[in-house]
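Okay, so here's the structure we're looking at.
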Amino acid sequence: VQLQASGGGSVQAGGSLRLSCTTSSRLGFNVMGWYRVAPGKSRELVAAITRGGTASYADSVKGRFTISRDNAKNAVYLQMNSLKPEDTAVYYCVMLYAGYNWWGQGTLVTVSS
């Protein structure tokens, strides 16, 4: 199973980016989500969404980020609005099935003040 993440880039504070993560696998992933690793910090779960569409968010991104998924395409998205410099990180998508996690390659998001 390979996950392909895209959509990262450089934006100014207050800007928006949309991350996408797709896979050609036909597994029915139970949960899809996004983690991030900021410089000098540990990995943080940003958002996750169940197959039924129930979403959860880190407190730091609530109200600014929106996670969504397309079960037919086995894709997960992260719409990031009102970006802050502290959102600067490498973002990784993850998909869970049968107790195993599959990871994307990471996409860099840089937010300048």
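The values are calculated or read from the model by the stated rules, or taken from the named source; none is laboratory data. Keep in mind it's a predicted model, so treat the numbers as computed, not measured. In this analysis, Cβ positions are derived from the backbone assuming ideal geometry, glycine residues included, and neighbour counts consider all displayed protein chains. Please note that ligands, DNA and RNA were not included when accessible areas were found on the heavy atoms of the full protein model with its side chains. Shrake-Rupley method; radii C 1.70, N 1.55, O 1.52, S 1.80 Å.
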Choose one of Ser60, Ser25, Cys93: the residue whose Cα lies farthest towards the positive end of the charge dipole of the chain (beta-carbon charges +1 Lys, Arg; -1 Asp, Glu; about the Cα centre). Ser25
With every protein chain left in place, what is the accessible area per residue of the chain in square angstrom, probe 1.4 Å? 51 Å²
5 angstrom amide H check on Ala75, placed H, neighbours 5+ away: Asp70
Starting from 0 in steps of 10 Å, tell me what percent of the Cα-Cα pairs of the chain lands in each bin. 16, 51, 28, 6, 0
Would you kindly derive the ³J(HN,Hα) couplings of region 95-106 from the backbone phi angles with the Karplus curve 6.51 cos²θ - 1.76 cosθ + 1.60 (θ = phi - 60°), listing them in order in whole Hz, with x for Gly and Pro? 10, 10, 7, 6, x, 10, 9, 10, 10, x, 7, x
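With a 1.4 Å probe and all protein chains left in place, how much of the accessible area of the chain comes from carbon and sulfur atoms, in whole percent?
Working: 2850 of 5780 Å².
Ligands and nucleic acids excluded, carbon and sulfur reach 49 percent.
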Could you pull out every one of the lysines with an alpha carbon less than 28 Å from that of Lys73, ignoring same-chain neighbours closer than 8 positions? Lys62
Largest first, how would Asp70, Asp87 line up by accessible area (1.4 Å probe)? Asp70, Asp87
The long-range amide H neighbours of Lys84, using H built 1.01 Å from N in the peptide plane and a cut-off of under 5 Å, are Gly14
